[in-house]
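Shown next, in structure tokens, is the structure this report addresses.
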Amino acid sequence: MKAYFGRRYMLSASHRLHVDAMSDEENRAAYGKCNNPHGHGHNYTIEVLVGGAVDPETGMVMNLTDLDAVVQTKVVERFDHMNLNHDPMFLNQVPTTENLCKEVFRIVSGELPAGMLEYVRVEETENNFFECYAA
């Protein structure tokens, strides 16, 4: 039987959605107010779900301290109170929340045992959320 354990993390970051190869009009049409030259910020909630067998000794799928160590050091400390446009990860891709979600999934999955990460969900606003699942 497989069991699941989920945890939420919060961070605040800003970004500007803009593609240099597109005209100002194309950028405004694609990104609307999110193309503001000064950027804008969000209080993101990042949800991480891991799954696996329950360890018979500890009774846990994964120790929450171990998960916290990964997410706090590799994700929260990296992106909290940052402009995502300035992170090397987004030099060649637009820092949309879809791309942020995808990259958080990639980062976290690379730090956990293979196949343990089930999904990452990033809530950008009370109405907008983005999810990436294991293939």
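We did not get these values from a lab; they are worked out from the coordinates using the rules stated. Predicted model, so just to flag it, every value in this text is computed and none were measured. In this analysis, Cβ positions are derived from the backbone assuming ideal geometry, glycine residues included, and neighbour counts consider all displayed protein chains.
Note on the chain: helix-only mean residue ellipticity at 222 nm, from DSSP H runs of 4+ residues weighted -39500 (n - 2.57) and normalised by residue number, equals -7000 deg cm²/dmol.
What the phi angles of the range 119-132 give under the Karplus curve with 6.51, -1.76 and 1.60, with θ = phi - 60°, is a coupling list of 7, 10, 10, 10, 9, 8, 9, 5, 10, 10, 9, 9, 9, 10 Hz, glycine and proline written as x.
In the set (i) 62, 30, 24; (ii) 59, 27, 27; (iii) 70, 48, 25, the label that goes with Cα extents along the principal axes in Å computed for this structure is (ii). The GluC sites (Glu not before Pro) found in the range 79-135 that occupy coil by DSSP, while having at most 11 further C-beta atoms within 10 Å, are Glu126.
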